[in-house]
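One structure is given here, and the rest of the page talks about it.
The values are calculated or read from the model by the stated rules, or taken from the named source; none is laboratory data. All figures in this text were calculated on a predicted structure; none of them were measured in a lab. Virtual Cβ from ideal backbone geometry, glycine too; neighbours counted across all protein chains shown.
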């Protein structure tokens, strides 16, 4: 059921792994940044391109005719007019990049192994408070608190409690 959602990400991550292995970019910040930039770049290009289509080029020409340098025209005319497109593109790129955990798992090796290389990922398991419930060292206050919250919840039928 989840294969259509996860499959393309794994194929992309495997392709990046093989490509980065030849460039020696595995387990580097530059490799992770480049992978996330490749994910977010289409969003930025599409949204900023749409903002540029709506930009009136005559405003930049007027600034240039009034003595502005190309850098000043860019900084004082163009960027303020397409600022919403730049911000929207950055937000969409960040959200798309935030969702790509699989790529980071393939590019940045956890504790000296790569999942794509066929090695088993050996992680030191640290005990957590959630593990205590299964190991016999349970604290029953958590269960009592959950039952208390459920009992106080108003019914979902729309009637008043």
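Condition (residue is touching a residue at least 24 places away in the same chain (Cβ under 8 Å), closer than 19 Å to residue 90 by Cα, part of a helix (DSSP H, G or I) and over 15 Å from the mean Cα position of the chain (by Cα)) applied to the stretch 51-73: is it met by at least one residue?
Looking through the stretch 51-73, at least one residue is touching a residue at least 24 places away in the same chain (Cβ under 8 Å), closer than 19 Å to residue 90 by Cα, part of a helix (DSSP H, G or I) and over 15 Å from the mean Cα position of the chain (by Cα).
In this structure, does residue 54 turn out to be modelled with pLDDT under 95, in contact with a helix residue (DSSP H, G or I) (Cβ under 9 Å, 6 or more places away or on another chain) and farther than 30 Å from residue 12 by Cβ?
Details: modelled with pLDDT under 95: yes; in contact with a helix residue (DSSP H, G or I) (Cβ under 9 Å, 6 or more places away or on another chain): yes; farther than 30 Å from residue 12 by Cβ: yes.
Here the answer is yes, as residue 54 does meet what is asked.
Is it the case that residue 32 is farther than 17 Å from residue 105 by Cα, surrounded by 13 or more Cβ atoms within 10 Å (Cβ to Cβ), in contact with a helix residue (DSSP H, G or I) (Cβ under 6 Å, 6 or more places away or on another chain) and in contact (Cβ under 8 Å) with a residue 12 or more places away in the chain?
Numbers: farther than 17 Å from residue 105 by Cα: no; surrounded by 13 or more Cβ atoms within 10 Å (Cβ to Cβ): yes; in contact with a helix residue (DSSP H, G or I) (Cβ under 6 Å, 6 or more places away or on another chain): yes; in contact (Cβ under 8 Å) with a residue 12 or more places away in the chain: yes.
Criteria not met by residue 32.
Report yes if residue 106 is assigned to a helix (DSSP H, G or I) and loosely packed, with under 15 Cβ neighbours inside 10 Å, otherwise no. Write out each step before concluding.
Values: assigned to a helix (DSSP H, G or I): yes; loosely packed, with under 15 Cβ neighbours inside 10 Å: no.
Answer is no for this residue.
Spot the failing condition for residue 44; the list is (1) in contact (Cβ under 8 Å) with a residue 40 or more places away in the chain; (2) surrounded by fewer than 12 Cβ atoms within 10 Å (Cβ to Cβ), and only one is missed.
Against the list (1) in contact (Cβ under 8 Å) with a residue 40 or more places away in the chain; (2) surrounded by fewer than 12 Cβ atoms within 10 Å (Cβ to Cβ), residue 44 comes up short only on (2).
Restricting to the stretch 3-23, count the residues that are farther than 30 Å from residue 82 by Cβ and either surrounded by 12 or more Cβ atoms within 10 Å (Cβ to Cβ) or touching a helix residue (DSSP H, G or I) at 6+ places or on another chain (Cβ under 9 Å) (or both).
12
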